[in-house]
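Asks: Here it is, the structure, as structure tokens.
The values are calculated or read from the model by the stated rules, or taken from the named source; none is laboratory data. Note that the coordinates shown come from a computational prediction; the quantities given were computed from them, not determined experimentally. Cβ placement follows ideal geometry from the backbone for every residue including glycine, while neighbour counts extend to all protein chains displayed. Ligands, DNA and RNA are stripped out before the accessible areas are found, and what is left, the full protein with its side chains, is counted by its heavy atoms. Shrake-Rupley method; radii C 1.70, N 1.55, O 1.52, S 1.80 Å.
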Amino acid sequence: MSNSMKGMSLVTLEEFSSEQIEAIVAQSIELKRKKQQRIFPRALVNRNFCLIFLRPSCRTRAAFAVAAADEGANAQVIAKEEIRFGQGESVKDIARVLGRMFDGIAIRAYDNHLIEEVAEHAGVPVWNALSEQHHPTQALADLMTLQENGIRLCGGKMTFIGEGKANVITSLMVAAAKVGLELRIVTPPGHEPEPSLVDRLLGWSPRNQARILVTNDLREGLQGTDAVYSDMWVPMEGDWDIEAMARDFQPYRLTREAMAMTENPNAIFLHCMPAQHNFETAFARKFPSTIEVTDEVFEGPRSRAIDQAENRLHTIKSVMVATV
Ligand code: CP
């Protein structure tokens, strides 16, 4: 891979060109293959990374920690209680100090503006580990999972079912516009992404194949697709009327019958996880109407959800290697 990405931050994925995104995905597949053979390029020896998670995380935090260790780097978690952005110390001051000590900073935050401000002042790559608005490392793992299942990034078709204003689908729209994926977004009335965002992304999409279809109709979104992507319908953090929030989504549960609407027996199933697909979680037992996908689909032969979760590791490693 060329050095063209050295020093770059990953805040929204819009910073990266189509070719750079494709190169990150291709390198992720190569790093996965090498790890399976117990080959570790150790490209990040003597590097130090700072992991700041202001919100809970399982996959993303584990991926950053293991990716760093695999490549010979040290990843240091700074607890959210110890780093109080803008409370006792300004964001700019914290960013400048951390940037003098660390070679890269991963942040999971609420507002994306915090990550943008750290990236502006740190002087080292800053990686968005999720915000309310964006989840770019998730989108990279999603692209990798499509590619390793033989689905073309440019010209392939993927259908997302869920909240159309959520961070995951926003980053998927950016990714689709960049690489030329046809993305269908199936969401209840009132949950559609902002039309201005869709127009803006398609306006600059460098790939003619990129299409973003927004529909309330399950069959329209599913017919002929290559991959079906579910996401949770409701947030697990915060104090919300969860049953009320889940009500609009009831017709959109991904079942075997809905998967059949693809009319594509090879269509794969994806999920960014965590997922509500059975009653093994306290959350689903308390709010049974939040099950967004049946256990039959989640555990079925077309499901790639666990591969996709593993691919968080390889794509985050690829981003680290490319940008540091
Ligand atoms: N998909 C994802 O971001 O998972 P975590 O919240 O566990 O990191």
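Asks: Tell me whether the stretch 90-97 contains one or more residues that are more than 16 Å from the ligand (Cβ to nearest atom) and assigned to a loop (DSSP other than H, G, I, E, B).
Replies: Looking only at the stretch 90-97, we keep the residues that are more than 16 Å from the ligand (Cβ to nearest atom), and these are 90-97.
Retained after the next criterion (residues that are assigned to a loop (DSSP other than H, G, I, E, B)): 90.
Checked the stretch 90-97: at least one residue is more than 16 Å from the ligand (Cβ to nearest atom) and assigned to a loop (DSSP other than H, G, I, E, B).
Asks: I've got another one for you. Go through 86, 99 for me and flag whichever is more than 23 Å from the chain's Cα centre (by Cα) and loosely packed, with under 15 Cβ neighbours inside 10 Å.
Replies: 86
Asks: Out of 63, 75, which single residue is without any contact (Cβ under 8 Å) to a residue 60 or more places away in the chain, under 21 Å from residue 323 (Cα atoms), within 16 Å of the ligand (Cβ to nearest atom) and open to solvent by less than 60 Å² (accessible area, probe 1.4 Å)?
Replies: After ruling out the rest, the residue left standing is 75.
Asks: Have a look at 169, 151 and point out the one that is surrounded by fewer than 22 Cβ atoms within 10 Å (Cβ to Cβ) and either in a helix (DSSP H, G or I) or in contact (Cβ under 8 Å) with a residue 60 or more places away in the chain (or both). Outline the logic, then answer.
Replies: On the way: 169 fails: surrounded by fewer than 22 Cβ atoms within 10 Å (Cβ to Cβ).
Criteria check complete, one pass: 151.
Asks: Within the stretch 125-169, take every residue that is under 27 Å from residue 265 (Cβ atoms) and basic (Lys, Arg) and give me the one that is farthest from the ligand (Cβ to nearest atom).
Replies: 152
Asks: With 316, 306 as the choices, which residue is surrounded by fewer than 22 Cβ atoms within 10 Å (Cβ to Cβ), of a type in the set (A, V, I, L, M, F, W, C) and in a helix (DSSP H, G or I)?
Replies: Details: 316 fails: surrounded by fewer than 22 Cβ atoms within 10 Å (Cβ to Cβ).
After applying the criteria, what remains is 306.
Asks: Count, please, the residues in the stretch 18-56 that happen to be open to solvent by less than 40 Å² (accessible area, probe 1.4 Å) and in contact with a Lys or Arg (Cβ under 8 Å, 6 or more places away or on another chain).
Replies: Counting residues in the stretch 18-56 that are open to solvent by less than 40 Å² (accessible area, probe 1.4 Å) and in contact with a Lys or Arg (Cβ under 8 Å, 6 or more places away or on another chain) gives 9.
Asks: Now for a separate question. State whether one or more residues within the stretch 42-59 are of a type in the set (A, V, I, L, M, F, W, C), free of Cβ contacts under 8 Å to residues at least 24 places away in the same chain and outside any helix (DSSP H, G or I). I'd like the intermediate steps shown before the answer.
Replies: Taking the stretch 42-59 and keeping what is of a type in the set (A, V, I, L, M, F, W, C), we get 43-45, 49-54, 58.
Cutting the leftovers down to free of Cβ contacts under 8 Å to residues at least 24 places away in the same chain gives us none.
No: the stretch 42-59 contains no residue that is of a type in the set (A, V, I, L, M, F, W, C), free of Cβ contacts under 8 Å to residues at least 24 places away in the same chain and outside any helix (DSSP H, G or I).
Asks: Another question about this same structure. Is at least one residue of the stretch 253-270 aromatic (Phe, Trp, Tyr) and in a loop (DSSP other than H, G, I, E, B)? Steps first, answer last, please.
Replies: Step one: of the stretch 253-270, the residues aromatic (Phe, Trp, Tyr) are 269.
Subsequent filtering for residues that are in a loop (DSSP other than H, G, I, E, B) retains none.
For the stretch 253-270, residues aromatic (Phe, Trp, Tyr) and in a loop (DSSP other than H, G, I, E, B): absent.
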